[in-house]
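Enquirer: Before we start, here is the structure in question, set down as structure tokens.
The values are calculated or read from the model by the stated rules, or taken from the named source; none is laboratory data. Not measured: the values here are computed from a predicted model. Positions of Cβ are generated from backbone atoms using ideal geometry, with glycine treated the same way; all protein chains shown enter the neighbour counts. SASA here: full protein model, heavy atoms, side chains in, ligands and nucleic acids out. Shrake-Rupley method; radii C 1.70, N 1.55, O 1.52, S 1.80 Å.
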Amino acid sequence: MDRSERKAAVSAYKERKAIAGVYAIHCAATGEQWVGSAPDLSTIRTRRTFALRQGVEMNLALQSAWNTHGAESFAFKILEEIDLVQLTYGRERVLKERIAHWREALGAAAI
């Protein structure tokens, strides 16, 4: 990749639209689920997986299940995309409400 291609790729990455939303992590071995939100759904899976593989996940129950059952027992799913650009006010409130909805619907824990 030459300099101009790299510059174009970096520019395209910076200009992309981040999509916020709610996601779930499911452990097939135990049936446990964890629900969380992210300001950019395109990066959250990598971030969570990296933390779990390094053993530094802040949610101790999730880290314990990962350590016990291994990566192959886990699935990541986007539950809902939320266009925060249209929400001038109340972004955090909307995300919290949607997390609460999905936690109740799935019987899941918070991340």
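Enquirer: Out of residues 5 or more away from residue 80 or on other chains, whose amide H comes under 5 Å of its own, with H placed 1.01 Å from N in the peptide plane?
Expert: Under 5 Å from the amide H of residue 80: 22.
Enquirer: Separate question: Could you check which residue among 36, 21, 55 shows the biggest mean-square fluctuation in a GNM of the chain with a 10 Å Cα cutoff?
Expert: Per the Cα network of the chain with a 10 Å cutoff, 55 tops the list.
Enquirer: Give the lysines whose C-alpha is closer than 28 Å to that of residue 96, dropping any in the same chain fewer than 8 places away, or say none.
Expert: 14, 17, 77
Enquirer: Could you check which residue among 12, 20, 71 shows the biggest mean-square fluctuation in a GNM of the chain with a 10 Å Cα cutoff?
Expert: 12
Enquirer: If you don't mind, another one. Within the accessible area of the chain, what % is carbon and sulfur when the probe is 1.4 Å and the other protein chains stay in place?
Expert: Values: 3970 of 7570 Å².
Heavy-atom surface of the chain belonging to carbon and sulfur, 1.4 Å probe: 52 percent.
Enquirer: So how long is each side of the stretch 3-66 along the principal axes, counting just the alpha-carbon atoms, biggest first, in Å?
Expert: Principal extents (largest minus smallest coordinate, Cα): 48, 24, 19 Å.
Enquirer: While we're here: Going toward the positive end of the dipole of the chain, with +1 on Lys and Arg Cβ and -1 on Asp and Glu Cβ, which of 56, 31, 69 do you reach last?
Expert: Of 56, 31, 69, it is 56.
Enquirer: Still on this structure: Given the rule -39500 (n - 2.57) for each run of at least 4 DSSP H residues, summed and divided by the residues of the chain, what is its mean residue ellipticity at 222 nm, to the nearest 500 deg cm²/dmol?
Expert: Details: 4 runs with 53 residues, N = 111.
Mean residue ellipticity, 222 nm, calculated: -15000 deg cm²/dmol.
Enquirer: Shifting gears a bit: Dipole of the chain, Cα-centred, from +1 at each Lys and Arg C-beta and -1 at each Asp and Glu C-beta, to the nearest 20 debye? Before the final figure, lay out the partial values.
Expert: Working: 16 positive and 13 negative charges, 76 e Å.
Dipole magnitude for the chain comes out near 360 debye.
Enquirer: How large is Rg/Rh for the chain, to two decimals, with Cα atoms and a Kirkwood Rh? Let's see the in-between values first.
Expert: Values: Rg = 16.4 Å, Rh = 15.5 Å.
The Rg/Rh ratio comes out at 1.06.
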